[in-house]
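Each reported figure results from applying straightforward, stated rules to the coordinates on display, with no laboratory input. The shown structure was predicted, so the numbers you read here are calculated from the model rather than taken from an experiment. Counting neighbours? That spans all protein chains shown, and the Cβs are built from the backbone with ideal geometry, glycine included.
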């Protein structure tokens, strides 16, 4: 994939940049005691530290578990794989209101604070479905991969009429509360495009991979002044909530920066 993937990778990378593998011998006693008291039969234990928090990956009865503790030993979040027989009936009944038949591929139970969420994944006719349901059986979020023919015609027509014919890589339907969105990813004239639409076919966000030659000259002037000797590695044009801006990744030796510009070359954000 091309430049548009960089943004997704960046989000994942920044979340895990400071998480480092550590040996259990370096874990504070208060943190280690909390873990060992709660999971005395844990196996294949792996520790990571992210700032002041500790992430533990381990197995109990051959099932994967993840636990997050703060430096005081307080539990922040816990998740575990489930057998199908362990999924509550209220959760299964909620799924049945959406699909008649399903063969579960993966099920997880997540606890955060006083909230418990069940995440269920399965596949129907080659397309993945994901459910997030609470312990009461209430649907929190639902995501479904779509066939091209399932994309609303109003969305397909808007893309073609405004941007050109798109070769779709993937499309998704997402429902969360009263909010429904459609996510479309594909190529138009060999450039990557990533669209997010609301249920009325209004564009919420559009990310368009652009060539360096398509970057407005005011932005190039700012770069020449503020980021001399930096090389432009990636560039994207973004439309969001009626506003437009440019997102660039630049590099100089080992230094890498991510800058958001408006079309007049003003720096809106940098990191």
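For this structure, a couple of remarks:
- In terms of packing, defined here as the mean over residues of other Cβ atoms within 10 angstrom, the peptides 28-34, 234-240 line up highest first as 234-240, 28-34.
- DSSP beta bridges in region 148-209 [antiparallel fraction, %, rounded to 5]: 100
- Relative contact order (%) - region 148-209, alpha-carbon pairs under 8 angstrom, separation at least six: 24
- Relative contact order of region 84-145, defined on C-alpha pairs under 8 angstrom at six or more residues apart (%): 29
- Residue-span extension gain [residue 174 to residue 29] - 0.36 nm each, minus C-alpha spacing: 47.9 nm
- Between the labelled values [x] 21.0; [y] 22.0; [z] 18.6, the entry that holds Kirkwood radius over Cα pairs in Å as derived from this structure is [y].
- Quotient of Cα Rg and 2.2 N^0.38 Å for region 212-270, N being how many residues it contains: 1.05
- Relative contact order (%) - criterion: Cα under 8 Å, at least six apart; region: the chain: 9
- Highest mean packing comes first when the peptides 167-179, 63-75 are listed by Cβ atoms within 10 Å, giving 63-75, 167-179.
- Region 181-247 and region 24-50 have Cα centres lying 44 Å from one another.
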